[in-house]
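Have a look at the structure below before the remarks.
No lab work stands behind these numbers, since they all come straight from the coordinates. Given the structure is predicted, the values throughout are model-derived calculations rather than measurements. As a convention, Cβ positions derive from the backbone with ideal geometry for all residues, glycine included, and neighbour counts pool all protein chains shown.
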Amino acid sequence: MTHFLDINKTDIADLKTMLSTAHDMKQARKGLPKATPDSDLPLKDHMVALIFEKPSTRTRVSFDVGVRQLGGQTMVLSGSEMQLGHGETVADTARVLSRYVDLIMIRTFEEATLLEMAEYADVPVINGLTNRSHPCQIMADILTYEEHRGSIEGKKVVWAGDGNNVCASFLHAAGKFGFDVTFTGPEVLNPEQVFVDEARKAGVAVEIERDPTKAVKNADLIVTDTWVSMHDAPSARERRHNLLRPYQVNDDLMKAAKDDALFMHCLPAHREEEVTNSVMDGPQSVIFDEAENRLHAQKAVMRWCLDK
Ligand code: CP
Ligand code: NVA
């Protein structure tokens, strides 16, 4: 079974094939109305379940549109409205859904839920975000970087703020695609050490630098994300804001990086918190290209999972 669970669990040749397929499919659609199906329909007669245990705009809409462009059909399921949210096991849910659908995408809390779904499903499972990672986002981000600046190999990516699930997937990708990562944020919000060690073992540099201005020196890409993720307790908001305020991405920080550095954010953003409006809407920002590329990257991920 070909699941897409995490970038560090996927072969680099396959990751590169997916990005190249995504690029080609994007080019082929240029100028077409958004609802137009692709010229070939590899997901014709395929049903895809999109399960959400957390809110979503981009993941929900881009997967739904992507499946339809590929000729398939979707059902969007809210975890709380399924028996899954009322005591049915993940394993039983996986076995039942496998009798109805050809592919499952799940956004959930615990990574263990994703892994159990993958273990018991007879169809491919795609990670649409867990508390620990967000691989579809980083596939879109690499596609975006390479469209603007060419190969990401050997580049310096700086993550500013919370060492969260999206940061983890950047670290997974660093080891695979061969780029360096500098994390700048408070020590208590460091990325998980296991991801740092794994990237270093794969031969890339991972630096931890508490001073954000020093961290972004020579950066090719600066990335940040919300200071309070969906899995974080709302009561932690004030403490997190106090810890993270020095790591806001603003014009001064962008100026301290390379002149042609790009700015990324997976969105949704909290404007004037982790990033200023001037950076979000400035010339170095590629945030809406990232959002668009979720669609193209995930279409390629689904085709790879289904060998279509
Ligand atoms: N970036 C991202 O995954 O956005 P959504 O939460 O809107 O899906
Ligand atoms: N880190 C954020 C990403 C949202 C797409 C969260 O998990 O809420």
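Couple of notes before you dig in:
- Cβ-Cβ FRET estimate between Asp281 and Lys34, R0 fixed at 30 Å, reported to 0.05: 0.80
- Amide H contacts under 5 Å for Lys155, placed H, 5+ residues apart: Asp180
- 11 Å cut-off, amide nitrogen to a point 7 angstrom out along Tyr100 Cα→Cβ, residues in segment 56-91: 75-78, 82-84
- The lysines whose alpha-carbon is closer than 19 Å to the alpha-carbon of Lys214, local same-chain residues fewer than 8 away aside, are Lys155, Lys156, Lys255, Lys258.
- Charge tally around Glu88: other residues with Cβ under 15 Å, Lys/Arg +1 each, Asp/Glu -1 each, net -2.
- Under 21 Å from the Cα of Lys308 - lysines, other chains or at least 8 residues apart: Lys9, Lys16, Lys26, Lys44, Lys299
- Distance between the 7 Å Cα→Cβ label points at Asp259 and Thr2: 4.4 nm.
- Loop trypsin sites (Lys or Arg not before Pro), segment 197-301 (other Cβ atoms within 10 Å of the site Cβ: 15 or fewer; DSSP): Arg210, Lys217
- Sorting the segments 145-156, 78-89 by their mean number of nearby beta carbons within 10 angstrom, highest to lowest, gives 145-156, 78-89.
- Approximate spin-label separation Thr57-His231, in nm, with each point projected 7 Å along Cα-to-Cβ: 2.3 nm
- Using the Karplus relation 6.51 cos²θ - 1.76 cosθ + 1.60 with θ = phi - 60°, the per-residue 3J(HN,Hα) values for segment 26-33 come to 5, 4, 5, 8, 3, x, 7, x Hz, with x marking Gly and Pro.
- With an a/c value of 1.5 or above and a/b not larger than b/c for the gyration tensor axes a ≥ b ≥ c computed over the alpha-carbon atoms, segment 1-60 is described as oblate.
- Cβ-defined net charge surrounding Leu262, 12 Å radius [Lys, Arg +1; Asp, Glu -1]: -4
- Computed FRET value (nearest 0.05) for Arg210 with Asp14, which takes r as the C-beta separation and R₀ as 35 Å: 0.45
- Dipole in debye (nearest 20) - the chain, about Cα centre, beta carbon charges: Lys, Arg +1; Asp, Glu -1: 460 debye
- Taking θ as phi - 60° and the Karplus parameters 6.51, -1.76 and 1.60, the scalar couplings of segment 114-130 work out to 4, 5, 5, 4, 5, 5, 9, 7, 9, 10, x, 10, 10, 7, x, 3, 10 Hz in sequence order, x denoting glycine and proline.
- Derived scalar couplings ³J(HN,Hα) [segment 282-289; Karplus, 6.51 cos²θ - 1.76 cosθ + 1.60; whole Hz; x for Gly, Pro]: x, x, 8, 7, 10, 4, 7, 5
- Shape call, segment 74-126: gyration tensor on alpha carbons, a/c limit 1.5: rounded
- For the chain, a Gaussian network of Cα nodes joined below 10 Å ranks Gly31, Gly203, Gly161 by mean-square fluctuation, and the top entry is Gly31.
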